[in-house]
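These notes concern the structure reproduced below.
The values are calculated or read from the model by the stated rules, or taken from the named source; none is laboratory data. This is a predicted model, so every value here is computed, not measured. Note that each Cβ is placed from the backbone with ideal geometry, even for glycine, and that neighbours are counted across all protein chains shown.
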Amino acid sequence: MSEQITELSFTVSGRVSRPVSEVYEAVADPAQLSKYFTTGGARGRLETGADVTWDFADFPGRFPVTVVEAQAPNRIVLEWDGSDTASDTGRTRTVFEFAAIDEGTRTLITITESAWRATDAGAKSAFGNCEGWTGMLSAMKAWVEHGINLRDGFYK
C-alpha cells in the first residue's frame with residue numbers, strides 16, 4: 001500500500017568558486033542580492049527576526065520575507081505567505097545551507113523549499129519556485145565569480 005503525499009518540497013544545489021563567507025554575504029546583503037537576483041531591489045539584511053522585502057523588475061510587486069533564522073555563514077531560513085501551502089500558517093519555508101568544500105575555496109549552496117499542498121495548484125507553485133531557485137543559483141555563480149548579471153533581459 002502506498003502512502004499519500006500531503007506536502008510537496010524540493011531541494012536544489014550548486015557550487016560557487018568562492019569561500020563560504022563570501023557566498024553567504026551574496027545572499028544576506030541586500031545590495032549584493034539586488035545585483036543578480038532581486039533585480040527590483042531587496043530591502044533589509046537577512047538577519048534573524050528581520051522582515052525584509054524583495055522585488056523583481058521582471059515580475060513586479062514587492063513582497064515581504066520573514067527571516068526565521070540566520071546563522072552566518074552556514075544557514076538562512078526564510079518564510080513568506082503563499083497560496084496553496086500545506087502549513088498551518090499559510091507560509092512556505094525556504095532553507096539555505098552553505099558548506100565549505102575543496103579546502104574552503106568553494107561553497108556548496110543547498111536550497112530546500114517546503115510547505116506546498118500536494119494539489120495541482122500547489123505543484124505548479126512548487127515547480128515554479130524550483131525553477132526560480134535554480135535560476136538564482138546560476139545567477140549567483142555568474143555574479144559572484146565573474147560580475148555578470150544573468151537575469152538582465154532573461155525573463156522579459
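Overview of values
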quantity	calculated
In the range 92-109, residue farthest from V68 (Cα to Cα) [restricted to those that are touching a helix residue (DSSP H, G or I) at 6+ places or on another chain (Cβ under 9 Å) and among the β-branched types (V, I, T)]	I101
Filtered residues of the range 58-84 (kept if over 14 Å from the mean Cα position of the chain (by Cα), within 20 Å of G128 (Cβ to Cβ) and without any contact (Cβ under 8 Å) to a residue 40 or more places away in the chain)	P60, G61, R62, D81
In the range 100-127, the residues that are without any contact (Cβ under 8 Å) to a residue 60 or more places away in the chain and either in a strand (DSSP E or B) or small (G, A, S) (or both)	A121, S125
Identity of the residue in the range 56-81, in a loop (DSSP other than H, G, I, E, B) and in contact with a Phe, Trp or Tyr (Cβ under 8 Å, 6 or more places away or on another chain), that ends up surrounded by the fewest Cβ atoms within 10 Å (Cβ to Cβ)	D58
Checklist (1) at pLDDT 95 or above; (2) loosely packed, with under 14 Cβ neighbours inside 10 Å; (3) farther than 20 Å from T134 by Cα applied to T11, failing item	(3)
Residue selected from the range 109-124 under the condition crowded, with 16+ Cβ neighbours inside 10 Å and under 14 Å from the mean Cα position of the chain (by Cα), by the criterion farthest from D84 (Cα to Cα)	I109
Single residue of T39, T89, T53 found to be under 21 Å from M140 (Cα atoms), in a loop (DSSP other than H, G, I, E, B) and among the β-branched types (V, I, T)	T39
Cross-chain or 6+ apart pairs with Cβ under 9 Å, the range 1-17 first and under 20 Å from T110 (Cα atoms), then in a loop (DSSP other than H, G, I, E, B) and of a type in the set (A, V, I, L, M)	E7/A86; E7/A118; L8/A86; L8/A118
